[in-house]
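Data block below; observations after.
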Amino acid sequence: MRVVSGIQPTGNLHLGNYLGAIRNWVRMQDSMGDGNQCLFFLADLHAISMPHDPAELKRATLEMAAALVACGIDAQKSVLFNQAQVPHHAELQWLLNGTARMGWLNRMTQFKDKSGKNREGASAALFTYPVLQAADVLLYQTTHVPVGEDQKQHLELARDIAQKFNNDFASDDAPVFTLPEPISPPQAARIMSLRDGSKKMSKSDPSEMSRIELVDDADTVMKKIKKAKTDPEPLPSEAEGLADRPEALNLVTIYAAVADTPIEGVLREFGGEGFGKFKPALGELLVETLRPISTRFNELLADREALDAILARGAAQARDLGRPTLDAAYGALGFVR
């Protein structure tokens, strides 16, 4: 079993990023038995499909790498790297562009969403990035890819590309590509804004009080939780009582996710209590959870040599793992090299 998953480098990682994706990666890594392998990559090549600031991309890539390690991704257990250090991804994308079909790409809903009304002004990279996503997983003979609802279409495209390539250029008993299977990650907590329980927690929100960032110190965390929007009613003793109370539901959800306990368990402990008691308890829980992550994160950013070494080692491993597939693809297409 070989699992591959990527994440675009973005700055200002917050609690929603950790509970929504990163913690699942760590658990997946730690549950893999002997002979199985996880590859996690920073999708910096994908970042240029949209307008970007080069200096910000570089900073965000290093910060994301530091955050993943600080949250528990272990370079001794998993392969952690950024795409730009593994040119095999871009090479394979070009080879697969000959197999992918315009009609397939035209059906990709994320291109329509991201390009908006100005499709003619969108970059070619935005249109073809699903082919790069296909290369990301096909390069490593990936057997399984964790996908949410928004990425299922892209994995289906990767399978279509792999199947057509194998049919056109390989024999049945010696296919070039493995067709990866989707796996559904554990249900992630949906973390909402501390200022508006109807909106997801986001780094793009202009108010810093809307989110808990992974690098927030203890005083900042307590301040943000103390000022988080709530209602005047006490917490209910059953989950049904949180209906139509989005801010209360959000804070209880955060507590349950961080404590790794069901919402019902949180309400058994705090049902009937007001937020004057619940908020300090939630703040303390967050402080204790985030303190080692924040400490390790800052240590890594201060030691650029160690961070570079982690990414370089991972990239070297990824290049070695991907080279046989890339060579096989070149050979199948008839290139003389």
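Just so you know, all these numbers are worked out from the coordinates, no wet-lab data involved. What you see is a predicted model, and the numbers here were worked out from it, not measured in a lab. Neighbour counts run over all protein chains shown; Cβ positions are idealised from the backbone, glycine included.
Highest average first, the peptides 170-181, 212-223 ordered by how many other beta carbon atoms sit within 10 Å of their residues are 212-223, 170-181. Volume per residue for segment 208-300 equals 86 cubic angstrom (convex hull of Cα atoms). Using +1 at the C-beta of Lys and Arg and -1 at the C-beta of Asp and Glu, which of ALA21, ALA328, CYS71 has the Cα lying farthest in the positive direction of the dipole of the chain? Of the listed residues, the answer is ALA328.
Does segment 250-317 classify as rounded, prolate or oblate by the C-alpha gyration tensor (a ≥ b ≥ c root eigenvalues; a/c under 1.5 gives rounded; else a/b over b/c gives prolate, otherwise oblate)?
In terms of gyration-tensor shape, prolate.
Computed about the Cα centre, the dipole magnitude for segment 208-300 is approximately 260 debye when only Lys and Arg (+1) and Asp and Glu (-1) carry charge, each at its Cβ.
Multiplying the residue separation of THR289 and GLU156 by 0.36 nm and removing their Cα-Cα distance gives an extension gain of 44.2 nm. The dipole here belongs to the chain: it is taken about the Cα centre, uses +1 on the Cβ of Lys and Arg and -1 on the Cβ of Asp and Glu, and is about 640 debye. Using a/c under 1.5 as the rounded threshold, could you call segment 73-171 rounded, prolate or oblate? The axes a ≥ b ≥ c are square roots of the C-alpha gyration tensor eigenvalues, and prolate needs a/b larger than b/c, oblate otherwise. Oblate.
For segment 208-300, calculate the relative contact order in percent as a whole number, restricting contacts to Cα pairs under 8 Å that are 6 or more residues apart. Relative CO of segment 208-300 lands at 39 percent. The distance separating the Cα centre of segment 285-333 from that of segment 1-79 comes to 8 Å. Annotation: peptides 311-318, 193-200, 30-37, ranked by per-residue average of other Cβ atoms within 10 Å with the highest first, follow the order 311-318, 193-200, 30-37. If the limit is 19 Å between Cα atoms, which of LYS114/LYS152; LYS227/LYS279; LYS224/LYS279; LYS203/LYS277; LYS117/LYS203 go over it? Violating the 19 Å Cα-Cα cut-off are LYS203/LYS277; LYS117/LYS203.
For the chain, what is the mean residue ellipticity at 222 nm derived from helices alone (per DSSP H run of n ≥ 4: -39500 (n - 2.57); sum divided by total residues; nearest 500 deg cm²/dmol)?
It comes out at -16500 deg cm²/dmol, rounded to the nearest 500.
Candidates LEU251, MET209, PRO262 compared by Cα position along the dipole of segment 208-300: farthest toward the positive end lies MET209, with charges placed on Cβ.
Its convex hull of Cα atoms gives segment 118-213 a direction-averaged projected area, equal to a quarter of the hull surface, of 9.4 nm².
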